[in-house]
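Below: one structure, written as structure tokens.
The values are calculated or read from the model by the stated rules, or taken from the named source; none is laboratory data. As the structure is a prediction and not an experimental result, all values here were calculated from the model. Don't worry about glycine lacking a Cβ; one is built from the backbone with ideal geometry, like all the others, and counts go over all protein chains shown.
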Amino acid sequence: MRILILGCGPLTTLLLASPDSADHQFTILSGDMDCLDDLADEPRVITLLTPEPLMQDYLQLGGIDNADAFLALSEDEYENILTSQIAKHIFNVGKVVCRLENPQLQQFYTELELEVVNPTLDLLQDLNRALQG
Amino acid sequence: MYILVIGCSEVGYHLTKALLASGHEVVVVEKSPARCDLLTEELGSVALQGDGTDQITLKLAGANRADVVIAATDRDEINLVACQMAKHVFQTGRTMALIKDPKNEPIFQILGVDVVVNSTHLVLESLEERIPGRPLLRLMNLRSSSMELVSITIPEDAGVVGRRLGEVELPPRSFISLVVKSSGVERPSGDLLLDAEDEIIAVTPSGGEQTLYDILTGI
């Protein structure tokens, strides 16, 4: 799969390191030059430094037209919301995932049929499970 | 009318001032306490300090009785979320958003924002109007049809000078709606002779202005 990811942070680097992702091609868009530099040696990863604020041109430079999946994993929730909806409604990307930490935004956009992930909430559930177990 | 303005950027401030002056009831939701103080000092108690994308804040600001919500922060992303909240949670009749990245206009429209004001486009229009030797003006974006109303002035050396309108091959879906000559305004007809300095008012698909421009001004 060709996967376009917005945001370079622990979540992105963990995903790239996971064995499940070995067969995929990634393009990472981020304004964090240091994080992108750390990924520069990965053969199946293309990195693209983006300006602040992100312009839609950069999604196209990152190949959103041909992407099989778009993951908005940046720390900026508003940027994740806008770009996920662009990926879904303008470029008809088959799989779109949006990272949101704010529970209110998470509920609202789930109702608007965005696929939302919330790492903090998932962590909390894991912790509760661990405590019960 | 009760108007809720989200964000007191420079535009938000001047907008609020103008809306108040025309007799509207206005509340501004602004995150920065300093800007809220400034608003209160300058315009009276119109500011509510808080996050314009937060449902509790929006409710406090009376979003459920607002006739219009105008999202005017300096970030396109926040303006989109504020409008989506207003529309879906508070059923606001009319949502308006300010955007900076011209490419964001279609997604705002698809997601139901009623009026999208593209500030980059506005600046470009007004600059183009004043740049000599670049006689292409975008007059209006005909929103629902993705068409653009443009004005193109025919230069002296253009190939179409001295030809009849009917002989000019226009790009698909483009048509001439008016020809402004020095002698007056003419309705377009196939027989109409084109002269240098004629101003052509035309409708063309958004993004296709350059093709029409090249046809009418090419040597």
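The figures follow:
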| read-out | value |
| --- | --- |
| Top-ranked residue of segment A:102-133 - restricted to ones that are in contact with a strand residue (DSSP E or B) (Cβ under 8 Å, 6 or more places away or on another chain) and among the hydroxyl-bearing types (Ser, Thr, Tyr), ranked as farthest from residue B:57 (Cα to Cα) | A:110 |
| Among the residues listed as A:74, A:84, the single one being of a type in the set (Gly, Ala, Ser), within 13 Å of the chain's Cα centre (by Cα) and part of a loop (DSSP other than H, G, I, E, B) | A:74 |
| Single match in B:160, B:180 (criterion: away from chain A (no Cβ under 13 Å) and in a loop (DSSP other than H, G, I, E, B)) | B:160 |
| Selected residue [outside any strand (DSSP E or B) and either touching a helix residue (DSSP H, G or I) at 6+ places or on another chain (Cβ under 8 Å) or among the β-branched types (Val, Ile, Thr) (or both)] from A:113, A:101 | A:101 |
| Hits in segment A:3-36 - residues which are in a strand (DSSP E or B) and crowded, with 17+ Cβ neighbours inside 10 Å | A:3, A:4, A:5, A:6, A:26, A:27, A:28, A:29, A:30 |
| Enumeration of residues in segment B:49-104 that are free of Cβ contacts under 8 Å to residues at least 24 places away in the same chain and either among the polar types (S, T, N, Q) or assigned to a helix (DSSP H, G or I) (or both) | B:49, B:56, B:60, B:77, B:88, B:102, B:103 |
| Pairs with Cβ under 7 Å, 6+ apart, first in segment A:119-130 and more than 18 Å from residue A:103 (Cα to Cα), second part of a helix (DSSP H, G or I) and modelled with pLDDT of 85 or more | none |
| Hits in segment B:62-91 - residues which are under 18 Å from residue B:2 (Cα atoms) and buried (at least 22 other Cβ atoms within 10 Å of the Cβ) | B:63, B:66, B:69, B:70, B:71, B:72, B:82, B:83, B:85, B:86 |
| Selection status of residue A:82, buried (at least 21 other Cβ atoms within 10 Å of the Cβ) and within 14 Å of chain B (Cβ to nearest Cβ) | yes |
| Pairs, first more than 16 Å from residue B:111 (Cα to Cα) and at pLDDT 95 or above in segment A:70-94, second part of a helix (DSSP H, G or I) and β-branched (Val, Ile, Thr), C-beta under 6 Å, six or more apart | A:72/A:83; A:73/A:12 |
| Of all residues making up segment B:142-155, the number that are surrounded by 18 or more Cβ atoms within 10 Å (Cβ to Cβ) and modelled with pLDDT under 80 | 0 |
| Test: residue in segment B:118-133 that is acidic (Asp, Glu), surrounded by 13 or more Cβ atoms within 10 Å (Cβ to Cβ) and more than 26 Å from the chain's Cα centre (by Cα) | no |
